[in-house]
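What follows is calculated from the coordinates using simple rules that are stated; it is not laboratory data. Since the structure is predicted, the reported quantities are computational estimates derived from the model, not experimental observations. With ideal geometry, Cβ positions are generated from the backbone for all residues, glycine too; neighbour counts draw on all protein chains shown.
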Amino acid sequence: MGLKKSPKADLKRKYQRVWEIALIISLLLLIVSFKYFPEWETEVGPIEGPQELINVEDVEATKQESAPPPPPKPPIPIEAPTDDILDEDIEFSSTDLDVDAEVSGPPPPPVEEEEEEEEPVFFVAVEEMPEPIGGIQGIQQRIVYPEIARRAGVQGRVFVKAYVDELGNVWKTELIKGIGAGCDEAALAAVKETKFKPGKQRGKPVKVQVSIPILFKIQ
């Protein structure tokens, strides 16, 4: 069975009373201090410093005008002939018009350059189209296969347009479709050297343009 503490030795029972007494004493001291010492004055010395006056001036915006043009150059003085020179005798050639004198005719007009001949007109389709003598095989035999195309394995078909006149001669050639690597130039040269049977319209030889395929194939 536990022992009971004596009420006289229990300090916690007096905590509330001691706290109340201390609060009352502090309030009394505060009231007395406000009553007998109402004002607390502190003296602060004046702080003086050098005063600077700043003048604010309004600066007008200046407008930059373009520079005036330079003055004109002074005239160069020219020496005038003196009276002594003017008084000298000046000889004038005769101004009489000789009516009987022979006058050469006007110069001949300039020779006009001859106008360039107009390009002849070639038919696109006629009753009898031109045919290469020896056939396409004859043109193929004239082909020199370019070495660079042979090494690169370039093969294909080149289409050349030939302009054939009334005598069967190739007037000019044009490339329609090529494969490159020198094959186009070889085809144009072979067609240019070929003789054709001229095309005819109503039994009369005429100028005709014809398309020719050239095959390049490595054997």
### Task
Could you grab me the full set of residues in segment 155-194 that are in contact with a Lys or Arg (Cβ under 8 Å, 6 or more places away or on another chain) and acidic (Asp, Glu)?
Asp165, Glu166, Glu174, Glu193
### Query
Considering segment 127-157 alone, what residues qualify as being in contact (Cβ under 8 Å) with a residue 24 or more places away in the chain, outside any loop (DSSP other than H, G, I, E, B) and under 19 Å from Phe196 (Cα atoms)?
Glu128, Glu131, Pro132, Ile136, Gly138, Ile139, Gln140, Arg142
### Query
Quick one: in segment 159-188, which of the residues that are touching an Asp or Glu at 6+ places or on another chain (Cβ under 6 Å) and of a type in the set (A, V, I, L, M, F, W, C) is surrounded by the most Cβ atoms within 10 Å (Cβ to Cβ)?
Trp171
